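Q: My questions all concern the structure below.
We did not get these values from a lab; they are worked out from the coordinates using the rules stated. Just so you know, these numbers come straight off a predicted model, no measurement behind them. Don't worry about glycine lacking a Cβ; one is built from the backbone with ideal geometry, like all the others, and counts go over all protein chains shown.
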Amino acid sequence: MQRHVAILGSTGSIGTQALELIAANPDRFTVVALAAGGNQPELLAQQALDFKVPLIAVAKASAVQDVQLALYAVAKRQGYAEGDFKLPRIIAGPDAAVEIAKVPCDVVLNGMTGAVGLLPTLAALEAGTTLALANKESLIIGGRLVIDAAKPGQLVPVDSEHSALAQAMRGERPEDVRKLIVTASGGPFRGLSRDQLHDVTPEQAMAHPTWDMGPVITINSATLVNKGLEVIEAHLLFDIAFDRIEVAVHPTSIVHSMVEFVDGSTMLQASPPSMLLPIALGLAWPDRIPGAVPACDWSVPTTWEFAPLDEEAFPAVRLARLAGEFGRTAPAVFNAANEVCVEAFIAGRISFLEIVDTVDAVVRSHISDPEVLSKELTLAAVLAADAWARQRAAEHTED
């Protein structure tokens, strides 16, 4: 039986790899809708025609004409006679991805980047669709709003670390879990001291040693902010206390995470560093797609290295724990401030170290506000905290 899939962020890293998998498994999946920002109209048009997608969405209304022109250009190149193919319907605007998330289908893959993924995440859960979630930010900033909106088994993590944890815990009893160990490659600056990070450039920060990702996620991996977000994500997904979630540095990214059980056993998930496997599991869960990725080659000598995280050089995980343990809207502030700071770093307005330092200042300002303690966690409160954090971070990073 085929699964009908809607993809949010189709022109990004997650979206393009998902379509690669779907193209290789046409008997298992049909694409019913795509959503993208609109900055790559030619790629979106190619995807829409290649997969015969009836509905596409762009966040930028100004991109609609570009997408329409690209559709005609792609169709002409592919030899369609005029009138022999049906153009997809296009919807546009900041809420377009939300509309795509509501489309009747079996799986919504949220591969968007950043806090903009929250409303589509909630829309997919409200629609009752299985949500394959690569947009960790929506879970982190939404917190209990997202967890409480999800029915049992409806939310499937696509982050490689959390997919690994879900696989290791499948069939296990929650009470038998002692701790979760989330692995980190350590990024391009593993082994460097804080003093050695003062003059890091955006180009250096975007040269990740093992993963090919978008610029924001790649820089988040360099600062270890990404790992901090993943600690919060693990807490929410698996209902494990923060003091039972550890981070271990594993440079080759073969072991994606581990679960330690109360009897002293540790179960891990290992595969070559590729997002194709967690995406495949997200689309097919609880089933597996044969040949989704090549397996590890055990015929050659192999060693695995693990080391503790240097929290002095990379304090982002410690800060994320602070925000996560405080809860409420603090994770939303952590994420929003970081998004602004990453943009400022790429633009050359702040240094590499100032990314986390600025996020720290904004988070501590937020959690020290007595009013924050008294506010109930609502969607309006999350969106307000997100906007406040962006403004405060922007003030810190202005020229």
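Q: Note down the net charge around Arg328, summing +1 for each Lys or Arg and -1 for each Asp or Glu among other residues with Cβ under 9 Å from its Cβ.
A: Computed value for this residue: 0.
Q: Here is a follow-up. Using amide H atoms built in the peptide plane, which far-off residues or other-chain residues are under 5 Å from Val31 H to H?
A: Those lying under 5 Å, H to H, from Val31 are Val5.
Q: Could you calculate the contour length gain from Asp243 to Lys76, that is, 0.36 nm times the residue separation minus the distance between their Cα atoms, to one decimal place in nm?
A: Answer, rounded to one decimal: 54.3 nm.
Q: Still on this structure, I have one more. Cα centroid distance between segment 1-20 and segment 340-363, in Å?
A: Value for the Cα centre distance between the two parts: 31 Å.
Q: Let me ask something else about it. To the nearest 500 deg cm²/dmol, what mean residue ellipticity at 222 nm is calculated for the chain from DSSP H runs of n ≥ 4 alone, each contributing -39,500 (n - 2.57), summed and divided by the residues? Before the final figure, lay out each step's value.
A: Values: 17 runs with 179 residues, N = 399.
That comes out to -13500 deg cm²/dmol.
Q: Across segment 184-190, in residue order, what do the Karplus-derived ³J(HN,Hα) couplings come to in whole Hz, using 6.51 cos²θ - 1.76 cosθ + 1.60 with θ = phi - 60° and x for Gly and Pro?
A: 9, 5, x, x, x, 10, 3
Q: Still on this structure, please answer the following. Give me the percent of DSSP beta bridges within the chain that run antiparallel, rounded to the nearest 5.
A: 30
Q: If you don't mind, another one. By how many nm would the segment from Thr16 to Ser365 lengthen if fully extended, with 0.36 nm per residue of separation less the alpha-carbon distance? Walk me through the numbers before you get to the answer.
A: On the way: separation 349, 0.36 × 349 = 125.64 nm, distance 3.88 nm.
Taking 0.36 nm per residue and subtracting the Cα distance, the gain is 121.8 nm.
Q: Which residue, chosen from Ala394, Ala124, Thr183, occupies the Cα position most advanced towards the positive end of the dipole of the chain, where the dipole is computed from +1 (Lys, Arg) and -1 (Asp, Glu) charges on Cβ about the Cα centre?
A: Going by the charge dipole, the pick is Ala124.
Q: Ok, one more. Would you tally the net charge around Cys341, using a Cβ to Cβ cut-off of less than 13 Å, leaving Cys341 out, and scoring K and R as +1, D and E as -1? Display every interim value, and only then the final one.
A: Numbers: positive: Arg349, Arg390, Arg392; negative: Glu339, Glu343, Glu354, Asp357, Asp360, Glu395, Glu398.
Summing Lys/Arg as +1 and Asp/Glu as -1 gives -4.
Q: Do the alpha carbons of any pairs in Lys136/Lys179; Lys227/Lys375; Lys151/Lys179 sit beyond 26 Å of each other, and which pairs? Provide the component values of the computation, followed by the final result.
A: Details: Lys136/Lys179 21 Å; Lys227/Lys375 28 Å; Lys151/Lys179 24 Å.
The answer is Lys227/Lys375.
Q: Next up: Which whole-Hz couplings ³J(HN,Hα) result when phi for each residue of segment 275-287 is put into the Karplus expression 6.51 cos²θ - 1.76 cosθ + 1.60, θ = phi - 60°, listed in order with x for Gly and Pro?
A: 7, 4, 5, x, 5, 4, 5, x, 6, 10, 3, x, 7
Q: With the contact rule set at Cα under 8 Å and sequence spacing of 6 or more, what percent relative contact order holds for the chain?
A: Rounded, it is 15 percent for the chain.
Q: Enumerate the calculated ³J(HN,Hα) couplings along segment 13-22 in order (Karplus 6.51 cos²θ - 1.76 cosθ + 1.60, θ = phi - 60°), each rounded to whole Hz, writing x wherever the residue is Gly or Pro.
A: 4, 5, x, 5, 5, 4, 5, 4, 5, 5
Q: Skipping prolines and chain starts, which residues have an amide H placed within reach, meaning under 5 Å, of the one on Ala92, given they are 5 or more residues away or on another chain?
A: The answer is Val58.
Q: Where a Cα-Cα gap under 21 Å defines reach, which lysines qualify for Lys52, not counting those fewer than 8 residues away within the same chain?
A: Qualifying lysines at Cα under 21 Å: Lys76, Lys86, Lys102.
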